[in-house]
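> First the structure, which I've put down as structure tokens, then a few questions once you've had a look.
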2 protein chains.
Amino acid sequence: MSLKHALLGFLNYAPMTGYELKQHFDGSIRHFWNSSLSRIYPMLGEMENEGLVTMEMQVQDGRPNRKVYHMTQAGREELQGWLRTPLDQQPVREPFLIKVFFGANLTKEEILAELRQKLAFHRGLLADYRGPVREGMKENIEATGLKRDGLFWRLTLDAGLKHVTASIEWLEESIRKIEELDE
Amino acid sequence: MSLKHALLGFLNYAPMTGYELKQHFDGSIRHFWNSSLSRIYPMLGEMENEGLVTMEMQVQDGRPNRKVYHMTQAGREELQGWLRTPLDQQPVREPFLIKVFFGANLTKEEILAELRQKLAFHRGLLADYRGPVREGMKENIEATGLKRDGLFWRLTLDAGLKHVTASIEWLEESIRKIEELDE
DNA sequence: AGCGACATGTAAGCGGTTACATGATTCT
DNA sequence: AGAATCATGTAACCGCTTACATGTCGCT
């Protein structure tokens with residue numbers, strides 16, 4: 001259950017509402033994770049029941065009360081325990097490669113169109129990682145002054161960069177090979 | 001719904017039972033897809049209801065009857081349609097990177113242990129792709145004589161190779177960076 | 001006047017895993 | 001004697017997505 005531990009990870013920096021947690025997700029880890037509020041809210045409720053967090057209600061009028069969640073000692077232990085337990089490797093699952101695998105059912109131009117579209121998308125991703133994502137991360141590190149943490153944050157971005165780069169290379173090579181096919 | 005179309009893709013080569021389809025999955029696309037029999041059987045039933053396949057019962061005794069599924073014209077059209085429709089890009093989801101992101105909660109040695117384990121696993125994967133997976137694919141191409149199809153099959157393997165290689169490089173570099181940290 | 005930020009949720013459905021159920025035949 | 005292969009499924013549960021529901025405040 002990774003969502004739970006991602007939430008604990010952020011709450012370990014500071015108490016927050018579900019809404020703010022979602023913003024941290026989008027601002028810090030969107031290059032490898034995403035979650036919707038409709039999952040976050042119920043999950044925080046469960047975590048409260050399990051005693052991993054406590055909830056502090058801040059009454060507001062005109063809009064729903066803020067529910068600020070605080071890490072408990074049990075929560076800190078749960079996070080530590082999870083971090084120390086190796087994840088079991090989850091199987092690869094690439095729907096796109098199913099299309100490629102059965103690509104012989106399409107014409108050369110049809111399959112090329114698909115690959116070119118994917119290539120454009122991945123080039124966009126690369127630009128995003130090198131630009132806004134990298135900048136956001138830099139700002140977070142400067143704003144918090146967390147240098148040791150910052151090293152790990154950067155590693156996750158490096159992972160993203162390696163993977164998009166690999167995808168782009170593969171797409172370029174694949175397009176070349178298919179273009180050489182005579183139909 | 002990729003499982004459905006992967007099944008149609010294989011049934012397009014030859015009529016088969018669910019059990020045999022599972023073997024084809026494991027023998028041809030396990031480097032990017034996997035599925036369990038407990039999903040395949042109900043899915044074939046649905047596909048029959050939708051008219052994408054027909055079922056031919058081969059009575060056996062001592063074991064369950066073989067249910068051989070045949071592609072219909074509607075099935076062929078469904079497959080073509082799916083192959084021609086761009087997939088919408090599904091979001092990245094890397095639980096492992098959550099652990100890295102919050103790695104500052106662990107000691108240097110704890111996080112290194114995790115990364116080294118992952119590295120060993122990925123080196124194993126690489127050996128598998130270069131060995132048995134590549135061999136199996138070659139045999140499939142020779143046995144069926146499907147050269148054009150074989151090109152696409154190989155592309156999916158290339159994708160796998162690119163990605164594991166990228167992961168290995170990232171792990172090696174990350175390990176080096178963390179080792180340089182003084183605690 | 002309309003949109004985005006703020007702030008919380010519920011309900012239905014989907015695709016998947018894991019465990020359970022059965023049982024003969026062939027290989028080691 | 002025990003494991004793998006052949007061959008089919010059902011049931012419970014799980015994490016996630018999408019759609020629905022509500023309503024204010026501030027900016028353009």
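> Taking a 19 Å limit on the Cα-Cα distance, which of the listed pairs A:Lys99/B:Lys118; A:Lys108/B:Lys147; A:Lys162/B:Lys162; B:Lys4/B:Lys162; A:Lys108/B:Lys162; A:Lys67/B:Lys99 fall beyond it?
Working: A:Lys99/B:Lys118 29 Å; A:Lys108/B:Lys147 14 Å; A:Lys162/B:Lys162 10 Å; B:Lys4/B:Lys162 27 Å; A:Lys108/B:Lys162 23 Å; A:Lys67/B:Lys99 26 Å.
Cα-Cα > 19 Å for A:Lys99/B:Lys118; B:Lys4/B:Lys162; A:Lys108/B:Lys162; A:Lys67/B:Lys99; rest within.
> Taking Cα atoms of region B:47-133, Rg/Rh with Kirkwood Rh, to two decimals? Write out the running numbers ahead of the final one.
Working: Rg = 23.4 Å, Rh = 18.6 Å.
Looking at region B:47-133, the ratio lands at 1.26.
> Find, to one decimal place in angstroms, the Kirkwood hydrodynamic radius of the protein assembly as shown, where the mean of 1/r is taken over every pair of different Cα atoms and then inverted. Please report the intermediate quantities before stating the final value.
Working: mean 1/r = 0.0430 Å⁻¹.
Roughly 23.3 Å, rounded to one decimal.
> Within region B:91-165, list the chymotrypsin sites (Phe, Trp or Tyr not before Pro) lying in a DSSP loop whose Cβ has at most 15 other Cβ atoms in a 10 Å radius.
none
> Stokes-Einstein at 37 °C, 0.692 mPa s, Kirkwood radius from Cα pairs: D for region A:1-153 in µm² s⁻¹?
Working: Rh = 18.6 Å.
Here the translational diffusion coefficient equals 177 µm²/s.
> Whole-Hz Karplus ³J(HN,Hα) for region A:14-24, in order, using 6.51 cos²θ - 1.76 cosθ + 1.60 and θ = phi - 60°, x for Gly and Pro?
Rounded to whole hertz, the list is 6, x, 7, 8, x, 4, 5, 4, 4, 5, 5.
> What value does region B:1-63 have for Rg/Rh, both radii from Cα atoms and Rh as Kirkwood defines it? Show your work: numbers first, answer last.
On the way: Rg = 11.8 Å, Rh = 12.3 Å.
With Rg and the Kirkwood Rh in hand, the quotient comes to 0.96.
> Kindly express, to the nearest 10 degrees and within the range 0 to 90, the angle between helix B:134-144's C-alpha long axis and the longest C-alpha principal axis of chain B.
The two axes meet at around 20 degrees.
> Follow-up question, since we're still on this one. In degrees between 0 and 90, to the nearest 10, how far off the longest principal axis of chain A does helix A:108-128 point, with axes built from Cα atoms?
40
> While we're on this one: Cα axis of helix B:73-84 to longest principal axis of chain B: angle in degrees, 0 to 90, nearest 10?
It is inclined by approximately 30 degrees.
> While we're on this one: Determine the sum of side-chain charges near B:Gly145: Lys and Arg each +1, Asp and Glu each -1, restricted to other residues whose C-beta is under 14 angstrom from that of B:Gly145.
Values: positive: B:Lys138, B:Lys147, B:Arg148; negative: B:Glu139, B:Glu142, B:Asp149.
With Lys, Arg at +1 and Asp, Glu at -1, the neighbours total 0.
> Ok, one more. Could you tell me what % of all Cα pairs in region B:95-179 have separations over 15 Å?
Result: 64 percent of Cα pairs exceed 15 Å.
> Ignoring everything except DSSP H segments at least 4 long, calculate the 222 nm mean residue ellipticity for the protein assembly as shown; use -39,500 (n - 2.57) per segment, divide by total residues, nearest 500. It would help to have the intermediate numbers written out before the result.
Working: 16 runs with 230 residues, N = 366.
About -20500 deg cm²/dmol.
Computed from the coordinates by the stated procedures, all read-outs in this text should not be read as laboratory data. As the structure is a computational prediction, the values presented were derived from the model and not from experiment. Reconstructed Cβ throughout: ideal geometry from the backbone, glycine too, with neighbour counts over all protein chains shown.
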